[in-house]
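The structure appears below as structure tokens.
The values are calculated or read from the model by the stated rules, or taken from the named source; none is laboratory data. Just so it is clear, the structure is predicted and the values come from calculations on it, not from any experiment. Neighbour counts are summed over all protein chains in view; Cβ atoms, including those assigned to glycine, are modelled from backbone coordinates with ideal geometry.
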Amino acid sequence: MKRAIFFLVLASFVLGACAGSRTPGPNAATIVGNGVEYYLETDKSSYSLGESVQIRYRITNKTDEVKELGSVPNCEYCVQQFHIKSSGKEVWRSCRVIPPCGMKMFRLNPNESWEYSDIAWNMVNDNGTLEPDDDFPISPGVYTLTGKLWSFEDHSRVPVSVLIEIK
């Protein structure tokens, strides 16, 4: 009986792999440095033009010590910075200028995580400016999304990236 169940499970796995079935899911990357895990995720890896790319960024202290990661803007939406490039050229940035919100020390207690997921890229090229009037839609292609802590200390700016295909 156990052998029959084993072969049924194995057969369904093989048939699924041969048929090219793939469960869509998040597109993610992780980098660990100095006991800190930097995680970046989009809701999927391939999009149609006009969709929104949902972005999640998380930093986790994987140690038993308090980690101080430096001075960051005291604005929740600018603690981290996202940018998107195509062929090495930047097409979008989440926070171009630090708003007048002051600075704070970014620290994580042992095994503590900090996450930001309230951001989406609406597939526009922001033309490198703050003004939305000169933004324009992007073209299909492969884009690189990079996220990092917006810290004023070099050791805390650990970039993590994922590729996004736009059809």
> Which of the residues spanning the range 109-167 are within 19 Å of residue 40 (Cβ to Cβ), touching a helix residue (DSSP H, G or I) at 6+ places or on another chain (Cβ under 9 Å) and crowded, with 16+ Cβ neighbours inside 10 Å?
Replying inline: 116, 119, 148, 149, 150
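Yes or no, residue by residue, for (1) among the acidic types (Asp, Glu); (2) farther than 27 Å from residue 26 by Cβ; (3) touching a strand residue (DSSP E or B) at 6+ places or on another chain (Cβ under 6 Å):
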site	(1), (2), (3)
123	no, no, no
128	no, yes, no
132	no, yes, no
139	no, no, no
147	no, no, yes
157	no, no, yes
164	no, no, yes
>> Residue under question is residue 113, and the condition is that it be closer than 21 Å to residue 30 by Cβ, at pLDDT below 95 and of a type in the set (Ser, Thr, Tyr); does it hold?
In response: no
>> part of a strand (DSSP E or B) and surrounded by fewer than 20 Cβ atoms within 10 Å (Cβ to Cβ): is that true of residue 39 in this structure?
In response: yes
>> Can you confirm whether residue 143 is under 19 Å from residue 39 (Cα atoms), among the hydroxyl-bearing types (Ser, Thr, Tyr), touching a residue at least 24 places away in the same chain (Cβ under 8 Å) and assigned to a strand (DSSP E or B)?
In response: yes
>> Please determine whether any residue of the range 60-74 is loosely packed, with under 15 Cβ neighbours inside 10 Å, under 21 Å from residue 152 (Cβ atoms) and in contact with an Asp or Glu (Cβ under 8 Å, 6 or more places away or on another chain).
In response: no
> Taking the range 108-141 as the search range and keeping residues that are closer than 20 Å to residue 86 by Cβ and among the charged types (D, E, K, R), which one is nearest to the chain's Cα centre (by Cα)?
Replying inline: 126
>> Conditions first: (1) under 17 Å from residue 158 (Cα atoms); (2) touching a residue at least 60 places away in the same chain (Cβ under 8 Å); (3) surrounded by fewer than 17 Cβ atoms within 10 Å (Cβ to Cβ). Residue 48 passes all but one, so which condition is the exception?
In response: (1)
